[in-house]
Amino acid sequence: MVQLVPWSADDFWLLERCNSSEMTAYLGGPESAEKLASRHDRYVANAFPGRMYVIVTDEGEVAGSIGYWEHEEADETVWETGWAILPEQQGKGLATAAIAEVAKVVAGEGGHRSLHAYPGVDNAASNALCRKAGFTFQAERDFEYPKGHWMRCNDWALKL
């Protein structure tokens, strides 16, 4: 249903497209142009443990992005995942398929026992997606994202 294509220098437009008020409503709002450029540079350089991908449908259409990176959770380092599906691609099962694909990649990467997602408690669609993708609810908690912005989120975990 989807392919994960490693993030490239040509994918900045996707960050810009996902930086709308609608797409960032549960993430503290749109980022500045400087922050977007910095994020893009990190993604292109793969300058973190993990990787970012563009989600491409079997028809060759860009559906959004997904990635994974390390996150400190209590006394443990875990893999964290996050995604963004373009509005016109939502509701087609593409996010569920992308999560399944990224979970395979992460499991092959090794190093950590679980993959976590942290959607805001009010983000019904992302919480339902976590449940549908096989994650197990852990707890409600405070989460800092982006830096300096605290939000109440649900911690979901998928054992690898």
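The values are calculated or read from the model by the stated rules, or taken from the named source; none is laboratory data. Just so we're clear, the structure is a prediction, and the values are computed from it rather than from any experiment. A quick note on method: Cβ atoms are made from the backbone with ideal geometry, for glycine too, and the neighbour counts reach across all protein chains shown.
Is it the case, given these coordinates, that Leu15 is under 23 Å from Cys153 (Cα atoms), assigned to a loop (DSSP other than H, G, I, E, B) and not acidic (Asp, Glu)?
On the way: under 23 Å from Cys153 (Cα atoms): yes; assigned to a loop (DSSP other than H, G, I, E, B): no; not acidic (Asp, Glu): yes.
Spelling it out, it is not the case that Leu15 is under 23 Å from Cys153 (Cα atoms), assigned to a loop (DSSP other than H, G, I, E, B) and not acidic (Asp, Glu).
Out of all the residues in the stretch 25-37, which are at pLDDT 90 or above, part of a loop (DSSP other than H, G, I, E, B) and of a type outside the set (D, E, K, R)? So that I can check it myself, show each step before the final result.
Of the stretch 25-37, the ones at pLDDT 90 or above are 30-37.
Applying the additional criterion that residues be part of a loop (DSSP other than H, G, I, E, B) yields 30-32.
Once the filter is applied, which keeps residues that are at pLDDT 90 or above, part of a loop (DSSP other than H, G, I, E, B) and of a type outside the set (D, E, K, R), the stretch 25-37 yields Pro30, Ser32.
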query: Are any of the residues in the stretch 9-22 of a type outside the set (A, V, I, L, M), in contact with an Asp or Glu (Cβ under 9 Å, 6 or more places away or on another chain) and modelled with pLDDT of 90 or more?
result: yes
- line: Filter the stretch 38-91 for residues that are in contact (Cβ under 8 Å) with a residue 24 or more places away in the chain, among the charged types (D, E, K, R) and not in a strand (DSSP E or B); the one that is nearest to Ala107 (Cα to Cα) is Asp58
- request: Can you give me the number of residues within the stretch 115-144 that are surrounded by 13 or more Cβ atoms within 10 Å (Cβ to Cβ), under 12 Å from Ala157 (Cβ atoms), out of contact with any Phe, Trp or Tyr (no Cβ under 6 Å at 6 or more places or on another chain) and among the small types (Gly, Ala, Ser)?
  value: 2
message: Here is a list: Met52, Met23. Which entry is among the aliphatic types (A, V, I, L, M) and closer than 17 Å to Ala97 by Cα?
response: Met52
task: Go through the stretch 4-26 and count every residue that is under 25 Å from Val105 (Cα atoms) and out of contact with any helix residue (DSSP H, G or I) (no Cβ under 8 Å at 6 or more places or on another chain).
output: 6
- request: Among the numbered conditions (1) surrounded by fewer than 16 Cβ atoms within 10 Å (Cβ to Cβ); (2) assigned to a loop (DSSP other than H, G, I, E, B), tell me where His112 comes up short.
  value: (1)
query: For Thr81, which of the numbered conditions (1) surrounded by fewer than 20 Cβ atoms within 10 Å (Cβ to Cβ); (2) of a type in the set (S, T, N, Q); (3) under 13 Å from the mean Cα position of the chain (by Cα) fails to hold?
result: (1)
statement: Scanning the stretch 1-25 for residues that are surrounded by 16 or more Cβ atoms within 10 Å (Cβ to Cβ) and in contact with a Pro (Cβ under 7 Å, 6 or more places away or on another chain) gives Asn19
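So that you can scan it fast, the table gives a plain yes or no per residue for (1) in contact with an Asp or Glu (Cβ under 9 Å, 6 or more places away or on another chain); (2) in contact (Cβ under 8 Å) with a residue 60 or more places away in the chain:
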{"site": "Ser114", "(1), (2)": "yes, no"}
{"site": "Ala117", "(1), (2)": "yes, no"}
{"site": "Ser126", "(1), (2)": "no, yes"}
{"site": "Lys132", "(1), (2)": "no, no"}
{"site": "Phe135", "(1), (2)": "no, no"}
{"site": "Glu144", "(1), (2)": "no, no"}
{"site": "Gly148", "(1), (2)": "no, no"}
{"site": "Leu158", "(1), (2)": "no, no"}
